[in-house]
Amino acid sequence: MSIWERIGEFVTRISSSATSGIADMAEAVRNLFGGDPDLRRRVAFSVAMIALSAKMAKADGVVTHDEIRAFQQIFEVPRSQLRNVARLYDLAKRDVAGYEAYAEQMARLCGSGRTNCRMLEDILDGLFFIAAADGVLHEREEHFLRRVAEIFDIEESHYQTILARHVHLGPADPYIVLGIEPGRPIADIRKRYRQLVAENHPDRLIGRGLPQEFIKIATARLAAINAAYEAIERDLAPA
(Lines give C-alpha, C1' and ligand atoms only; values in the text may rest on other atoms or scores of the structure.)
Protein backbone atom coordinates (compact mmCIF):
# COMPACT_ATOMS: atom_id res chain seq x y z
CA MET A 1 0.00 0.00 0.00
CA SER A 2 1.46 3.38 -1.04
CA ILE A 3 1.98 6.32 1.29
CA TRP A 4 -0.88 8.08 -0.50
CA GLU A 5 -3.30 5.28 0.31
CA ARG A 6 -2.18 5.57 3.93
CA ILE A 7 -2.88 9.30 3.75
CA GLY A 8 -6.34 8.36 2.51
CA GLU A 9 -6.86 6.26 5.65
CA PHE A 10 -5.77 9.21 7.76
CA VAL A 11 -8.06 11.66 5.96
CA THR A 12 -11.03 9.30 6.35
CA ARG A 13 -10.37 9.03 10.08
CA ILE A 14 -10.08 12.76 10.76
CA SER A 15 -12.92 13.68 8.39
CA SER A 16 -15.28 11.53 10.44
CA SER A 17 -14.26 13.15 13.72
CA ALA A 18 -16.52 15.59 15.50
CA THR A 19 -14.32 18.59 14.76
CA SER A 20 -13.67 17.84 11.08
CA GLY A 21 -10.27 19.40 11.63
CA ILE A 22 -6.87 17.94 12.39
CA ALA A 23 -6.16 19.46 15.76
CA ASP A 24 -5.62 15.88 16.99
CA MET A 25 -3.27 15.10 14.09
CA ALA A 26 -0.44 13.57 16.12
CA GLU A 27 -2.80 11.37 18.10
CA ALA A 28 -4.54 10.20 14.93
CA VAL A 29 -1.19 9.23 13.37
CA ARG A 30 -0.22 7.32 16.52
CA ASN A 31 -3.55 5.51 16.73
CA LEU A 32 -3.56 4.47 13.08
CA PHE A 33 0.10 3.61 12.56
CA GLY A 34 1.65 3.30 16.01
CA GLY A 35 2.38 -0.40 15.54
CA ASP A 36 4.79 0.34 12.68
CA PRO A 37 7.29 3.09 13.66
CA ASP A 38 8.71 3.43 10.14
CA LEU A 39 5.26 3.79 8.59
CA ARG A 40 4.27 6.23 11.34
CA ARG A 41 7.28 8.44 10.53
CA ARG A 42 6.54 8.42 6.81
CA VAL A 43 2.86 9.22 7.30
CA ALA A 44 3.68 11.88 9.90
CA PHE A 45 6.13 13.54 7.51
CA SER A 46 3.64 13.51 4.65
CA VAL A 47 0.78 14.86 6.77
CA ALA A 48 3.01 17.59 8.21
CA MET A 49 4.19 18.71 4.79
CA ILE A 50 0.67 18.92 3.39
CA ALA A 51 -0.90 20.52 6.48
CA LEU A 52 1.86 23.05 7.13
CA SER A 53 2.04 23.93 3.42
CA ALA A 54 -1.65 24.78 3.60
CA LYS A 55 -1.12 26.85 6.74
CA MET A 56 1.83 28.66 5.14
CA ALA A 57 -0.27 29.53 2.10
CA LYS A 58 -2.97 30.90 4.40
CA ALA A 59 -0.45 32.91 6.45
CA ASP A 60 1.18 34.37 3.33
CA GLY A 61 -2.14 35.20 1.71
CA VAL A 62 -0.73 34.65 -1.80
CA VAL A 63 -0.15 31.34 -3.58
CA THR A 64 1.93 31.85 -6.73
CA HIS A 65 2.07 29.52 -9.72
CA ASP A 66 5.73 28.78 -8.86
CA GLU A 67 4.74 27.70 -5.36
CA ILE A 68 2.01 25.47 -6.76
CA ARG A 69 4.53 23.89 -9.13
CA ALA A 70 7.00 23.39 -6.25
CA PHE A 71 4.25 21.76 -4.21
CA GLN A 72 3.49 19.44 -7.10
CA GLN A 73 7.20 18.63 -7.54
CA ILE A 74 7.40 17.44 -3.95
CA PHE A 75 4.02 15.74 -3.94
CA GLU A 76 4.05 13.39 -6.91
CA VAL A 77 0.56 12.13 -6.16
CA PRO A 78 -1.15 9.49 -8.32
CA ARG A 79 -4.31 10.78 -9.92
CA SER A 80 -6.34 8.24 -7.96
CA GLN A 81 -5.17 9.82 -4.68
CA LEU A 82 -5.36 13.51 -5.58
CA ARG A 83 -8.75 13.86 -3.92
CA ASN A 84 -7.46 12.68 -0.53
CA VAL A 85 -4.48 15.05 -0.62
CA ALA A 86 -6.75 17.93 -1.64
CA ARG A 87 -9.13 17.09 1.22
CA LEU A 88 -6.28 17.11 3.74
CA TYR A 89 -4.92 20.40 2.37
CA ASP A 90 -8.36 21.97 2.54
CA LEU A 91 -9.03 20.68 6.07
CA ALA A 92 -5.76 22.18 7.28
CA LYS A 93 -6.39 25.48 5.55
CA ARG A 94 -9.90 25.81 7.03
CA ASP A 95 -9.10 24.46 10.49
CA VAL A 96 -9.36 27.13 13.17
CA ALA A 97 -6.22 25.82 14.88
CA GLY A 98 -3.18 27.98 14.14
CA TYR A 99 -0.06 26.69 12.42
CA GLU A 100 1.81 26.76 15.74
CA ALA A 101 -0.51 24.03 17.03
CA TYR A 102 0.24 21.90 13.99
CA ALA A 103 3.99 22.38 14.34
CA GLU A 104 3.86 21.58 18.05
CA GLN A 105 2.01 18.34 17.36
CA MET A 106 4.59 17.27 14.80
CA ALA A 107 7.36 18.09 17.27
CA ARG A 108 5.67 15.91 19.88
CA LEU A 109 5.80 12.95 17.52
CA CYS A 110 9.58 13.12 17.93
CA GLY A 111 9.28 12.80 21.70
CA SER A 112 11.55 14.42 24.26
CA GLY A 113 14.59 14.23 21.97
CA ARG A 114 13.15 16.45 19.28
CA THR A 115 16.22 18.71 19.26
CA ASN A 116 17.95 15.87 17.41
CA CYS A 117 14.93 14.76 15.39
CA ARG A 118 16.10 15.09 11.80
CA MET A 119 12.59 14.59 10.43
CA LEU A 120 11.73 18.08 11.66
CA GLU A 121 14.60 19.56 9.65
CA ASP A 122 13.35 17.67 6.60
CA ILE A 123 9.87 19.16 7.07
CA LEU A 124 11.29 22.68 7.40
CA ASP A 125 13.47 22.14 4.32
CA GLY A 126 10.44 21.09 2.30
CA LEU A 127 8.51 24.18 3.41
CA PHE A 128 11.45 26.38 2.36
CA PHE A 129 11.52 24.58 -1.00
CA ILE A 130 7.90 25.61 -1.59
CA ALA A 131 8.13 29.13 -0.15
CA ALA A 132 11.21 30.09 -2.17
CA ALA A 133 10.05 28.51 -5.43
CA ASP A 134 9.05 31.88 -6.89
CA GLY A 135 12.55 33.25 -6.27
CA VAL A 136 11.47 35.41 -3.33
CA LEU A 137 11.02 34.56 0.33
CA HIS A 138 8.32 36.96 1.44
CA GLU A 139 8.40 38.53 4.90
CA ARG A 140 5.33 36.67 6.15
CA GLU A 141 6.69 33.38 4.84
CA GLU A 142 10.02 33.96 6.58
CA HIS A 143 8.22 34.78 9.83
CA PHE A 144 6.18 31.58 9.46
CA LEU A 145 9.27 29.45 8.80
CA ARG A 146 11.29 31.00 11.61
CA ARG A 147 8.47 30.37 14.07
CA VAL A 148 8.15 26.75 12.93
CA ALA A 149 11.90 26.35 13.43
CA GLU A 150 11.59 27.69 16.97
CA ILE A 151 8.82 25.21 17.74
CA PHE A 152 10.96 22.42 16.27
CA ASP A 153 13.88 23.47 18.56
CA ILE A 154 16.09 24.12 15.54
CA GLU A 155 18.95 26.36 16.64
CA GLU A 156 19.45 29.74 14.96
CA SER A 157 22.76 28.70 13.35
CA HIS A 158 21.12 25.62 11.87
CA TYR A 159 18.15 27.69 10.73
CA GLN A 160 20.56 29.98 8.89
CA THR A 161 22.11 26.95 7.19
CA ILE A 162 18.70 25.81 5.94
CA LEU A 163 17.83 29.37 4.90
CA ALA A 164 21.08 29.70 2.94
CA ARG A 165 20.24 26.57 0.93
CA HIS A 166 17.23 28.40 -0.50
CA VAL A 167 17.97 32.14 -0.31
CA HIS A 168 21.18 33.95 -1.29
CA LEU A 169 22.64 35.60 1.83
CA GLY A 170 25.71 37.26 0.30
CA PRO A 171 29.42 36.36 -0.02
CA ALA A 172 29.41 34.15 3.11
CA ASP A 173 26.49 32.11 1.79
CA PRO A 174 28.44 28.97 0.67
CA TYR A 175 30.13 28.75 4.07
CA ILE A 176 26.78 29.06 5.85
CA VAL A 177 25.38 26.25 3.69
CA LEU A 178 28.28 24.02 4.73
CA GLY A 179 28.17 25.21 8.33
CA ILE A 180 31.85 26.14 8.45
CA GLU A 181 33.65 29.42 9.12
CA PRO A 182 35.33 31.32 6.24
CA GLY A 183 39.11 31.16 6.39
CA ARG A 184 39.34 27.52 7.41
CA PRO A 185 41.91 25.38 5.50
CA ILE A 186 40.59 23.78 2.35
CA ALA A 187 41.26 20.35 3.88
CA ASP A 188 38.81 21.15 6.71
CA ILE A 189 36.23 22.47 4.24
CA ARG A 190 36.57 19.36 2.10
CA LYS A 191 36.16 17.13 5.16
CA ARG A 192 33.02 19.01 6.19
CA TYR A 193 31.64 18.79 2.67
CA ARG A 194 32.14 15.03 2.51
CA GLN A 195 30.48 14.64 5.90
CA LEU A 196 27.43 16.58 4.73
CA VAL A 197 27.20 14.59 1.49
CA ALA A 198 27.22 11.35 3.48
CA GLU A 199 24.66 12.63 6.01
CA ASN A 200 22.31 14.02 3.37
CA HIS A 201 22.43 11.31 0.73
CA PRO A 202 18.84 10.56 -0.33
CA ASP A 203 19.16 6.96 0.88
CA ARG A 204 20.12 8.22 4.35
CA LEU A 205 17.10 10.52 4.49
CA ILE A 206 14.76 7.76 3.38
CA GLY A 207 16.24 5.55 6.08
CA ARG A 208 15.20 8.01 8.77
CA GLY A 209 11.64 8.42 7.56
CA LEU A 210 11.56 10.62 4.47
CA PRO A 211 9.07 8.91 2.13
CA GLN A 212 10.38 7.83 -1.27
CA GLU A 213 7.70 10.05 -2.79
CA PHE A 214 9.46 13.14 -1.38
CA ILE A 215 12.91 12.37 -2.72
CA LYS A 216 13.15 15.76 -4.46
CA ILE A 217 13.64 17.42 -1.07
CA ALA A 218 16.73 15.28 -0.54
CA THR A 219 18.13 15.83 -4.03
CA ALA A 220 17.59 19.61 -3.82
CA ARG A 221 19.44 19.73 -0.50
CA LEU A 222 22.35 17.73 -1.88
CA ALA A 223 22.49 20.00 -4.94
CA ALA A 224 22.75 23.07 -2.67
CA ILE A 225 25.59 21.46 -0.70
CA ASN A 226 27.46 20.56 -3.90
CA ALA A 227 26.99 24.07 -5.31
CA ALA A 228 28.28 25.65 -2.10
CA TYR A 229 31.43 23.54 -2.10
CA GLU A 230 32.08 24.21 -5.78
CA ALA A 231 31.70 27.96 -5.16
CA ILE A 232 34.26 27.83 -2.34
CA GLU A 233 36.66 25.80 -4.47
CA ARG A 234 36.43 28.38 -7.26
CA ASP A 235 36.97 31.22 -4.80
CA LEU A 236 40.03 29.57 -3.26
CA ALA A 237 41.59 28.41 -6.52
CA PRO A 238 44.94 30.04 -7.37
CA ALA A 239 44.63 32.96 -9.79
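If the condition is being under 21 Å from R108 (Cα atoms) and of a type in the set (G, A, S), then region 124-175 contributes G126, A149. Output the residues belonging to region 178-189 that are in contact (Cβ under 8 Å) with a residue 12 or more places away in the chain and either among the hydrophobic types (A, V, I, L, M, F, W, C) or closer than 11 Å to E233 by Cα (or both). Across region 178-189, the qualifying residues are L178, I180, I186, I189.
Scanning region 120-143 for residues that are under 27 Å from R42 (Cα atoms), surrounded by fewer than 21 Cβ atoms within 10 Å (Cβ to Cβ) and among the hydrophobic types (A, V, I, L, M, F, W, C) returns a single hit, A133.
In region 194-217, the residue that is nearest to P182 (Cα to Cα) out of those that are in contact (Cβ under 8 Å) with a residue 24 or more places away in the chain and aliphatic (A, V, I, L, M) is L196.
On the stretch given as region 27-61, residues that are among the polar types (S, T, N, Q) and closer than 14 Å to I74 by Cα total 2.
Within region 88-190, which helices (runs of 4 or more DSSP H) (wholly inside it) include 2 or more residues that are over 26 Å from L32 (Cα atoms)? Walk me through how you get there before you give the answer.
On the way: elements: 99-109, 118-131, 139-151, 156-166, 173-178.
The helices (runs of 4 or more DSSP H) meeting that bar are 118-131, 139-151, 156-166, 173-178.
As a summary of the residue check, L222 satisfies the conditions (1) loosely packed, with under 15 Cβ neighbours inside 10 Å; (2) of a type in the set (A, V, I, L, M); (3) at pLDDT 80 or above except for the one numbered (1). Looking only at region 181-219, residues that are surrounded by 19 or more Cβ atoms within 10 Å (Cβ to Cβ) and modelled with pLDDT of 90 or more come to 3 in all.
The values are calculated or read from the model by the stated rules, or taken from the named source; none is laboratory data. From a predicted model like this one, the values you see are computed outputs, not experimental measurements. Cβ atoms come from the backbone with ideal geometry, glycine included; neighbour counts cover every protein chain shown.
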